[in-house]
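The values are calculated or read from the model by the stated rules, or taken from the named source; none is laboratory data. The model shown is predicted, which means the values in this text are computed figures rather than measured ones. Positions of Cβ are backbone-derived with ideal geometry, glycine not excepted, and every protein chain shown enters the neighbour counts. SASA here: full protein model, heavy atoms, side chains in, ligands and nucleic acids out. Shrake-Rupley method; radii C 1.70, N 1.55, O 1.52, S 1.80 Å.
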Amino acid sequence: MATLLISDLHLHPGAPAITQGFLNWLDERATGAEALYILGDFFEAWIGDDLLDLGDADPTGNAPLARRIAEALKHLADQGTAIYLMHGNRDFLLGERFAREAGASLLPDPSLVTLGDERVLLMHGDSLCTRDEAYMAFRAQSRQAEWQAQVLAMPIGERIELARQLRDQSGEANSNKAEDIMDVTPDEVVASLQQHGVTTLIHGHTHRPDVHELEVDGRPARRYVLGDWQPERGWEIVAAPGEALCLRDFPLSD
């Protein structure tokens, strides 16, 4: 059985085509998979697992969406597919409750896993973008347990507004940054592979799907970058027994 890896769906109520495309993908491509790894930014924003309690009363529409997605993942998990969720820079407050209701396990960033006969390093990818100093400072703050506890203690309405502000600030800041600053730092990629003793890295975040050949300690290495999902297409990596990793895109629309 194959293992599937995806990233950067950025699910939100304003992109119903991506939501429906993902649900179709679960039925048509993920059913029967040994495992599914979702490497961050699954949701465009996540303000806390208590969002699930709002139901149709959620003015943003995120609560019904989250419920629908959790139920679909749980259905896949009940058929025997192991599901793993990694935090991204948009949904780092995704918690154990959502994972439990989705039949999934939260996966640390970074994580080493075995795909076929090979040990592979999985990351969301934002921690590799070390030239973006402003973002790295925010990332360090937002991953602190104390900071997260303070945010989660805020009323839901205030958290919704905070998420909106952070998205707006991120979009404005990114529009003024050079392209190379928002991409990974090559030396950081090599250092991460060296630290974990592997030669294959899979990540998302940059929205620049590709397979990069490099060298680590005199050995050939590869960096696979998953693409972000758009209304017309998605991206996946397929790890099948006895076969090389395959990065590919596919149509989401009928």
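Values for this structure:
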{"quantity": "Among (1) open to solvent by 30 Å² or more (accessible area, probe 1.4 Å); (2) part of a loop (DSSP other than H, G, I, E, B) - the single one residue 20 does not satisfy", "calculated": "(2)"}
{"quantity": "The lone exception for residue 244 - which of (1) open to solvent by 60 Å² or more (accessible area, probe 1.4 Å); (2) among the aliphatic types (A, V, I, L, M); (3) modelled with pLDDT of 95 or more it fails", "calculated": "(3)"}
{"quantity": "Residue check, residue 22 touching a Lys or Arg at 6+ places or on another chain (Cβ under 9 Å), hydrophobic (A, V, I, L, M, F, W, C) and closer than 23 Å to residue 224 by Cβ", "calculated": "no"}
{"quantity": "Any hit, region 23-38, residues being assigned to a loop (DSSP other than H, G, I, E, B) and surrounded by 19 or more Cβ atoms within 10 Å (Cβ to Cβ)", "calculated": "yes"}
{"quantity": "Criterion (closer than 19 Å to residue 23 by Cβ and in a helix (DSSP H, G or I)) met by exactly one of 139, 97, 67", "calculated": "67"}
{"quantity": "Selection within region 189-228 - farther than 21 Å from residue 130 by Cβ and assigned to a strand (DSSP E or B)", "calculated": "211, 213, 219, 220"}
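A quick yes/no check of all residues on (1) buried (at least 16 other Cβ atoms within 10 Å of the Cβ); (2) without any contact (Cβ under 8 Å) to a residue 24 or more places away in the chain; (3) more than 28 Å from residue 153 (Cα to Cα):
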site	(1), (2), (3)
50	no, no, no
53	no, yes, no
62	yes, no, no
79	no, no, yes
87	yes, no, no
100	no, yes, no
104	yes, no, no
107	yes, no, no
114	no, yes, yes
